[in-house]
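Notes follow once the structure below has been shown.
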Amino acid sequence: MTTPDDLDLAAQQSTALGALDAADSSEALEAFYRAWLAPSGVTTRLKRGIGRLPAEQRAAFGKDVNALHTELESRFHQRREVIKTRELAARIAAEARDVTLPSRPRPAGAYHPVTLVMREVLDVFQRMGFSVFESPHVETDDYNFGLLNMPADHPARDMQDTFYLDGERLLRTHTSAGQIRAMRELGASGTKPVRVVLPGLCYRNENITTRSEIQFHQVEGLLVGRSVRMSDLKGVLLQYARLLFGPEQRVRLRGSYFPFTEPSVEVDIRCTLCAGNGCRVCKQTGWLELLGAGMVHPVVLANGGYDPAEWRGFAFGMGIERTVLQRYDIHDIRYLFGNDLRLLQQFR
Ligand code: PHE
């Protein structure tokens, strides 16, 4: 209901502007709009009250009401901009992140020394055209022993006692277990040559001492072809030693025995520490044991799917930990598996 007082436009204007000034949030502004400018608001009601004025005042009053409406509307928009800007600034301040704060340090990891040496070794063989072939750590008795010419009661098994999962499955004692798998998988039934290195952990039931652990890494090499000779084995190993230890490096082959190679050799390198003069590391001999090797035994070739009358191969297997201990002058193999950060952090 409009009373004559309401029609006092000057009073209405000052009330409205006061209310607008007091509105200091989006919500308060909304309320102002509903009260004054919306179709249900005061200015609309004033326009409706025109009819109750004396006829001669109506035109002037209508004009004034319209002017009031327009003024309030434009003040309302101005005010809304101010409030919006202020509210945005407040939100930005509240949600601000200090990007100049130093970040939380993220400790950088490092490769284990065994991994470092392993990578180097594999890299050298890959440069010579060998590819990497991975085979399972859990092996069958056959792959680990039987097919490598070590039948159940072969005395050579005594040197490689291991951990058995059941009557047939065991943890491999050497990467040689992968030889048969590589020949069978890559040899295409004895029709294609094979040139692979097989890296990985091996396991043996050993007393743990400064020099032996129940787990250790080996890298196996296997090359099968139609005209492979002992001199090829020697050439590859010499090249390997020179790429890894320097162009002057020498190697030495000594006769040995493995059931799965014939003939078999142990391969030594000139001591990398004393250059052959004799020191603590080489026990005054001037030489360091590097690996076991030999020409793949005909029985093993046959088990791999090859006709031993047509195909030959050489194989070698080396322990990685020994090189790691020598390279970094670590005196106890147990450090390598102790997960002691004081050791590991030195390889960052
Ligand atoms: N598998 C043998 C070992 O663990 C090493 C070896 C590999 C010897 C290949 C000859 C050929 O002692």
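Rule-of-thumb check for the chain: C-alpha Rg over 2.2 N^0.38 Å?
Scaled against compact globular proteins, the figure is 2.17.
Please build a GNM for the chain, connecting alpha carbons under 10 Å apart, and tell me which residue among Arg226, Arg104, Arg34 fluctuates the most.
Comparing Arg226, Arg104, Arg34 in a Gaussian network model of the chain, the most mobile one is Arg34.
Can you tell which of Gly276, Gly62, Gly255 shows the greatest fluctuation in a Gaussian network model of the chain with Cα springs below 10 Å?
Gly62
Check cross-link reach from Lys192 to the aspartates and glutamates: straight Cα distance under 14 Å, and skip same-chain residues fewer than eight apart.
Once the sequence-local aspartates and glutamates are set aside, what remains near Lys192 is Asp307, Glu310.
For region 193-315, what class follows from the C-alpha gyration tensor (a ≥ b ≥ c being the square roots of its eigenvalues): rounded when a/c is under 1.5, otherwise prolate if a/b is larger than b/c, else oblate? Can you show the working numbers first?
Numbers: a/c = 2.23, a/b = 1.43, b/c = 1.56.
Cα axes put region 193-315 in the oblate bin.
Okay, helix-only estimate at 222 nm for the chain: each DSSP H run of n ≥ 4 adds -39500 (n - 2.57), divide by all residues, round to 500 deg cm²/dmol; what do you get?
Calculated from helices alone, the mean residue ellipticity at 222 nm is -12000 deg cm²/dmol.
Can you check what the net charge comes to around Glu310, using other residues whose Cβ is under 14 Å from the Cβ of Glu310 (Lys, Arg +1; Asp, Glu -1)? Don't skip to the answer; put the middle values down first.
Details: positive: Lys192, Arg226, Arg312; negative: Asp307.
Neighbour charge sum, excluding Glu310 itself: +2.
Assigning unit charges at the beta carbon (Lys, Arg +1; Asp, Glu -1) and nothing else, what dipole magnitude in debye, to the nearest 20, does region 4-95 show about its Cα centre?
300
On full extension of the chain, what length is gained from Arg327 through Ala96, given 0.36 nm per residue of separation minus the C-alpha to C-alpha distance?
Numbers: separation 231, 0.36 × 231 = 83.16 nm, distance 5.20 nm.
So the extension gain works out to 78.0 nm.
For the chain, just give the cysteines left without a disulfide-compatible partner, judged by no other Cys Cβ under 4.7 Å.
Cys202 - these cysteines have no disulfide-compatible partner (Cβ-Cβ under 4.7 Å) in the chain.
Can you spot the lysines whose alpha carbon is less than 23 Å from Lys47's alpha carbon? Ignore those fewer than 8 places along the same chain.
Straight-distance partners of Lys47: Lys63.
In debye to the nearest 20, how big a dipole does the chain give about its Cα centre with +1 on each Lys and Arg Cβ and -1 on each Asp and Glu Cβ?
Charge dipole, the chain, about its Cα centre: 920 debye, nearest 20.
Could you tell me what % of all Cα pairs in region 55-202 have separations over 18 Å?
77
Since every read-out is calculated from the coordinates, none of them should be taken as a lab result. Worth saying up front: this structure is predicted, and the values here are computed from it rather than measured. Because the Cβ atoms are built from the backbone with ideal geometry, glycine has one as well, and the counts that use them run over all protein chains shown.
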